[in-house]
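Have a look at the structure that comes next, please.
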């Protein structure tokens, strides 16, 4: 089954000079009474001007991936970490029982654009930790790249049955989903930027996505497109009372 998620389902927010489009993927299945979909709690697509400070604030029981495509941000947190995050430096904040951080978008950069991804852990109250990963290249052209997930072959670890990949598709390229050795697998194919057709009958553009269950459709890029692929299981254990990843119903 293919279920398109267009931009009308998103919530828009303006705060302190920056804008965020928030996707609660579970809203496409209101009968489930859950704003998230299994372990995928929330996806924020943010555009933030240089010089913006997001002051120190808390998180709890969220697995948070910072995935930037432009701009740079200086990170500081309650675990004593400080670093510069960019489109080649990723960060996973496993908030666990309690965690604080602040982010400063650097003046010398350009407008920051990226995703703040909130994944649900298997259980609440885990030990907080922070992970960083340096990418060899900003984009993974014409091949699936493992970003974060459960298992040693993923550079950033998520503490639930969730896996994230990305890929840049050249204009005219066709692709199918990667093979995942897991049962009851569901995919969320998110277009960060660009335009694609799915099985020649569904059009996806920037900020849109499609939920894929028990199918392996063909995607064709109508222009150069950047994709983030979310993979979960419908029966995955997850804690749904996280501060941001939790169910808001």
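The values are calculated or read from the model by the stated rules, or taken from the named source; none is laboratory data. It should be emphasised that the depicted structure is a prediction, and the values quoted were computed from it without experimental measurement. A quick note on method: Cβ atoms are made from the backbone with ideal geometry, for glycine too, and the neighbour counts reach across all protein chains shown.
In this structure, does residue 212 turn out to be touching a residue at least 12 places away in the same chain (Cβ under 8 Å) and either assigned to a strand (DSSP E or B) or over 29 Å from residue 61 (Cα atoms) (or both)?
On the way: touching a residue at least 12 places away in the same chain (Cβ under 8 Å): yes; either assigned to a strand (DSSP E or B) or over 29 Å from residue 61 (Cα atoms) (or both): yes.
In short, yes.
Just one of 78, 38 is in contact (Cβ under 8 Å) with a residue 12 or more places away in the chain, crowded, with 21+ Cβ neighbours inside 10 Å and either over 19 Å from the mean Cα position of the chain (by Cα) or at positive phi (or both); which is it? Can you show your working first?
Values: 78 fails: crowded, with 21+ Cβ neighbours inside 10 Å.
Being in contact (Cβ under 8 Å) with a residue 12 or more places away in the chain, crowded, with 21+ Cβ neighbours inside 10 Å and either over 19 Å from the mean Cα position of the chain (by Cα) or at positive phi (or both) holds for just one of 78, 38, which is 38.
How about the range 83-122: which of its residues are assigned to a loop (DSSP other than H, G, I, E, B), touching a strand residue (DSSP E or B) at 6+ places or on another chain (Cβ under 7 Å) and more than 15 Å from residue 242 (Cβ to Cβ)?
Within the range 83-122, 87, 88, 106, 110, 111 qualify.
Sticking with this structure for a sec: Consider the range 231-246. How many of its residues are surrounded by fewer than 17 Cβ atoms within 10 Å (Cβ to Cβ), out of contact with any strand residue (DSSP E or B) (no Cβ under 7 Å at 6 or more places or on another chain) and farther than 11 Å from residue 124 by Cβ?
The total comes to 2.
Report yes if residue 43 is surrounded by 14 or more Cβ atoms within 10 Å (Cβ to Cβ), at pLDDT 90 or above and closer than 24 Å to residue 240 by Cα, otherwise no.
So residue 43 passes the test.
Given the condition assigned to a strand (DSSP E or B), surrounded by fewer than 17 Cβ atoms within 10 Å (Cβ to Cβ) and at pLDDT 95 or above, answer yes or no: does some residue in the range 153-160 qualify? Lay out the reasoning, then the answer.
Just the residues of the range 153-160 that are assigned to a strand (DSSP E or B), to begin with: 156-157.
The next check asks that each one be surrounded by fewer than 17 Cβ atoms within 10 Å (Cβ to Cβ); those that pass are 157.
Cutting the leftovers down to at pLDDT 95 or above gives us 157.
Looking for residues that are assigned to a strand (DSSP E or B), surrounded by fewer than 17 Cβ atoms within 10 Å (Cβ to Cβ) and at pLDDT 95 or above, one finds at least one in the range 153-160, hence yes.
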